[in-house]
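The values are calculated or read from the model by the stated rules, or taken from the named source; none is laboratory data. These figures come from a predicted structure and were not determined experimentally. Cβ atoms come from the backbone with ideal geometry, glycine included; neighbour counts cover every protein chain shown. Ligands, DNA and RNA are excluded from the accessible area calculation, which covers all protein heavy atoms including side chains. Shrake-Rupley method; radii C 1.70, N 1.55, O 1.52, S 1.80 Å.
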Amino acid sequence: MSNQDFPDLPGDPSLPSSAADLQRLIGREEGQYAYSVEDFFRNPDQTGFQLSPGGTFLAYAAPYKRRKNIFVQPADGGPAVQVTFETERDIAGFFWSSDQRLAYINDSGGDENFRLFAIDRDGANAIDLTPFDGVKIDLIDDLPEQEDELIIGMNHNNPMLFEPFRINIQTGNLQQLAPNDNPEEPITGWLTDHDGKLRIAIKTIDGVNQHIQYRSHEGEPFRTVVETDFRESLSPLFFAFDNSAVVFCLSDIGRSRSEIVRFDFEKGQEVGPPVFSHPEVDAGSLLFSRKRKVLLGAAFTTWKRQVQFFDENRARMQEALEAQLPGYEVVVTGANRDEDRFMVRTYSDRSLGAYYLFDWPEGRLTPIAEVSPWLREEDMAPMKPVAYQARDGETIHGYLTLPAHHQEGRLPVVVNPHGGPWVRDSWGYNPEVQLLASRGYAVFQPNYRGSTGYGKSFWMKGFKQWGHDMQNDITDGVQWLVEAG
């Protein structure tokens, strides 16, 4: 976005004669808008709620001296306890390892060398688990069935390479699980089975191609099973529940769109029909129950996120949630170990939503916190999906946001293309969009060719077209808006 000042509405000759009414409706009086720029980008007072494994406590992030820190409170109500007291940097991420203990990551002064820490829920027994200068970690597996251990990646031996380590969060004891010692062919991804055994390694060749390697147990070396180039991909998601060689994967090999498949790494081939595919867009994530060991559903994004549920119990729970929270997208973000209490998050195009605690056996939904209560949803602008034809006939999807309460007439338009370019815009609250709409602009977000999510062919049509057909898609969208008035 440009850092230029936004023009005042009264002096803009492109506005319709009803500009004064528009200004009144969006809350501007005597040169003052109803919302400041800061209102749209303000950090929530409470966010990131997570339910402890036993379902008895909530952890969340909240500001302390302007920095996000961890707080813990009883799930059924009671005072919160501040657990961390960072003042230089926000806590970058955290999660429960047990009902008693949390793990979190943080860097020093913005150097992005993220370290791993652990602390009790009352703030006691804090420990820096990776006290190494110039070293950063990433999380491979939080091992929910093994409360005192995690598997992390860490560039301790070579700053260019991340090797997997099992770490005890009580003592800091480290055990390296596999080597990653070839900078020319680095391993850039790892996958464990449901017992926390490291079974898959993803090696990058020449920066663009991949070798997916497998081993049946941790005592044997990895062997390459699948080789892909940058035009095709096989992405392992998680192992079958019996920890066999069968892995649920996202694959577009030999397909026009990504589908969810079962791949047998002993046989080196898919088994059975696809688990999920969509006729228009790529498949997304696969949901499963850790306790019941069943697939729950598949998530995908058309103009908004959707889920096709496979499990009748989970589908009924979603229906119950949506009946109590009409008009919102409702997402389950976490559960306790018994899977009878759930953290629920709502959102929409006009709201960052709220957090709720849901007791499924009793059907009881308890509000926890609103994420952006200072924004009134009725003042925000709806984000509408649109589609148009580019000059060569290609269908381009995107979003158009008009100022709240706008009835008819021409408007100035801000074209706000996504970056990447191998990503896509999606439906939901966007602070840039809402700021511009509040100042009387329409906002146009085209998912030009090369955007992801619409299939392999659409993505590949962006190859060598940066500044050409990709730019034409944006230009043709603006022309379509002009012709539509």
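Remarks
- Counting only strands (runs of 3 or more DSSP E) that sit completely within the range 367-485, those holding 1 or more residues that are more than 30 Å from Tyr35 (Cα to Cα) and hydroxyl-bearing (Ser, Thr, Tyr) correspond to 383-389, 395-401.
Each row is one residue, and each column tells you yes or no for (1) closer than 25 Å to Ala240 by Cα; (2) of a type in the set (Phe, Trp, Tyr); (3) open to solvent by 20 Å² or more (accessible area, probe 1.4 Å).
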residue: Ser289; (1), (2), (3): yes, no, no
residue: Gly297; (1), (2), (3): yes, no, no
residue: Thr301; (1), (2), (3): yes, no, yes
residue: Glu312; (1), (2), (3): yes, no, yes
residue: Arg316; (1), (2), (3): yes, no, yes
residue: Gly327; (1), (2), (3): no, no, yes
residue: Thr333; (1), (2), (3): yes, no, yes
residue: Asp338; (1), (2), (3): yes, no, yes
residue: Arg350; (1), (2), (3): no, no, yes
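- From the list Asp148, Asp133, the lone residue that is farther than 23 Å from Tyr60 by Cβ and free of Cβ contacts under 8 Å to residues at least 24 places away in the same chain is Asp133.
- Selection within the range 403-423: residues that are surrounded by 18 or more Cβ atoms within 10 Å (Cβ to Cβ) and without any contact (Cβ under 8 Å) to a residue 60 or more places away in the chain. The member of this set that is farthest from Ser438 (Cα to Cα) is Pro421.
- Selection of first residues in the range 31-48 that are under 22 Å from Ala62 (Cα atoms) and open to solvent by 50 Å² or more (accessible area, probe 1.4 Å) and of second residues that are at pLDDT 95 or above and part of a helix (DSSP H, G or I), restricted to Cβ pairs under 6 Å at least 6 apart or on distinct chains, gives the following pairs, ordered by first then second residue: Phe41/Pro431.
- Within the range 215-230, being in contact (Cβ under 8 Å) with a residue 40 or more places away in the chain and either assigned to a loop (DSSP other than H, G, I, E, B) or in contact with an Asp or Glu (Cβ under 8 Å, 6 or more places away or on another chain) (or both) holds for Ser216, Glu218, Phe222.
- Residue among Gly11, Gly27, Gly54 that alone is at pLDDT 50 or above and among the small types (Gly, Ala, Ser): Gly54
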